[in-house]
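First up is the structure itself, then whatever we jot down about it.
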Amino acid sequence: MKISELFSLFARFDRLSPGDAYEGSLRGDVTIIDVRTPNEWKATGSPKSSRRICQNDKDFEKAVLGLLKAAPDTTLALSCLSGSRAKSAARRLRKVGLTNLKIVEGGISKWVKGGLPVDI
C-alpha cells in the first residue's frame, strides 16, 4: 500500500449535522446509511429515508457500491448510534475507493434528540 493510500485511510471524515443530513436526503443529494445491526434498528428505528446496511454483513461494501449505481453523485452519510461505528464503516468504504463519505454527527442518538423523523 502506498503511503498516500495509508494516510487517506486514517484521514478525518467530514461530518453532517442530523438536520443537514435529513435535508440533503430530501433534496436527493445525500444518501443516509444506517450501519447498525437489525436489533438496533428495531429498538430505535433509523433516520427517516435511510438505507439499512449493517456494517457487520460480509457484503457491506458490495451493498453500498450497489446503491451508488442509481445515484453515483450522492454523498453517503453514515450513521450509527453515536458515530464511532460510522467512522469504522467509512474507513472500510474508503478502502474500496469511495471518497464522498460523511459521518452523521452524533448518530441516531442526536437525530432523535433533535426531533427528526425515524423509520421503524
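Here is how the numbers come out for the structure above:
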| item | result |
| --- | --- |
| Chain lengthening between LYS87 and ASP57 when straightened (0.36 nm per residue, less Cα-Cα) | 9.2 nm |
| Total charge dipole magnitude, the chain, about the Cα centre, Cβ charges on Lys, Arg, Asp, Glu only, Debye to nearest 20 | 340 |
| Accessible carbon and sulfur surface of the chain relative to its total accessible area, %, 1.4 Å | 52 |
| Built amide H within the under 5 Å cut-off of VAL30, gap 5+ | SER25, THR75 |
| Virtual spin-label span in nm between LEU68 and ILE120, 7 Å along Cα→Cβ | 3.5 |
| Shape of the chain, Cα gyration tensor, a/c cut at 1.5 | prolate |
| Taking region 23-120 and dividing mean pair separation by its residue count, relative contact order in percent (alpha carbons under 8 Å, at least six apart) | 33 |
| Value at 222 nm in deg cm²/dmol, rounded to 500, when DSSP H runs of n ≥ 4 in the chain each add -39,500 (n - 2.57) | -13000 deg cm²/dmol |
| Under 5 Å, built H, 5+ apart or other chain: amide partners of ARG52 | ASP34 |
| Taking N as its residue count, the alpha carbon Rg of region 16-62 over 2.2 N^0.38 Å | 1.20 |
| Heavy-atom accessible area ranking, 1.4 Å probe, most first, across SER79, SER49, SER25, SER109 | SER49, SER109, SER25, SER79 |
| Debye intensity ratio I(q)/I(0), log10, region 26-94, q values 0.22, 0.28 Å⁻¹ (C-alpha model) | -0.95, -1.44 |
| Extension reserve of the ARG12-VAL112 stretch, reckoned as 0.36 nm per residue once the Cα distance is removed | 33.5 nm |
| Dimensions (Å) - region 64-118, Cα atoms, principal axes, largest first | 33, 22, 13 |
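The values are calculated or read from the model by the stated rules, or taken from the named source; none is laboratory data. Fair warning: this is a prediction, and the values are worked out from it, not measured in the lab. With ideal geometry, Cβ positions are generated from the backbone for all residues, glycine too; neighbour counts draw on all protein chains shown. Areas reflect the complete protein model, heavy atoms only, side chains present, ligands, DNA and RNA absent. Shrake-Rupley method; radii C 1.70, N 1.55, O 1.52, S 1.80 Å.
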